[in-house]
Amino acid sequence: MGKEPRESPAIKAATKAAKKQNENFVTEGTIREHVGRAIREIRMDRGWSQTDLAAGLNIAYQYLQRIEGGEVKINLEALWTISQLLECSMGAFFMNVPTIHKEVRDSSVVFSDPQVHKVAQAYVKLPSLLRQHLAFIICAYDDRE
């Protein structure tokens with residue numbers, strides 16, 4: 001077995017730059033983690049245990065643990081029910097979800113599809129809360145079966 005070829009400095013630099021650039025993008029997983037964390041924080045602020053909220057949702061507390069841990073997708077109806085039980089708006093679950101990457105905000109990123117680029121430019125001009133609601137709606141639509 002021979003040695004593996006060494007990676008060139010240019011490839012290393014490009015890989016590092018790509019990783020750094022992508023670290024600020026919000027993924028489906030990170031949205032679930034932020035929403036789950038918000039549910040946990042609001043639940044605890046209200047003095048509810050996981051068992052209490054799980055009973056109100058008619059689910060096992062272990063499943064609620066997975067929701068709060070960002071491990072499972074949550075549908076709109078369940079999120080709405082949680083907001084009703086905890087007496088908060090659905091938007092409260094998205095308050096700390098990161099916004100779109102700075103380069104897109106500055107409109108310096110050009111997407112290959114002109115319509116996608118136009119939508120991205122319009123999206124970043126929206127108020128933060130509206131962007132968060134829109135992102136949630138899009139993700140929920142994408143999760144349909």
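The values are calculated or read from the model by the stated rules, or taken from the named source; none is laboratory data. Just so it is clear, the structure is predicted and the values come from calculations on it, not from any experiment. Reconstructed Cβ throughout: ideal geometry from the backbone, glycine too, with neighbour counts over all protein chains shown.
Brief remarks follow.
- The criterion of being buried (at least 16 other Cβ atoms within 10 Å of the Cβ) and more than 16 Å from the chain's Cα centre (by Cα) does not hold for residue 60.
- Search result, residues across the range 115-131 that are in contact (Cβ under 8 Å) with a residue 24 or more places away in the chain and among the aliphatic types (A, V, I, L, M): 124, 129
For every residue, the table says whether it meets (1) part of a helix (DSSP H, G or I); (2) touching a Lys or Arg at 6+ places or on another chain (Cβ under 6 Å); (3) under 21 Å from residue 138 (Cα atoms); (4) modelled with pLDDT under 90.
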position: 30; (1), (2), (3), (4): yes, no, yes, yes
position: 38; (1), (2), (3), (4): yes, no, yes, no
position: 70; (1), (2), (3), (4): no, yes, yes, no
position: 77; (1), (2), (3), (4): yes, no, yes, no
position: 96; (1), (2), (3), (4): no, no, yes, yes
position: 111; (1), (2), (3), (4): no, no, yes, yes
position: 116; (1), (2), (3), (4): yes, no, yes, yes
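- Scoring residue 145 on the criteria (1) modelled with pLDDT under 70; (2) on the phi > 0 side of the Ramachandran plot leaves a single failure, condition (2).
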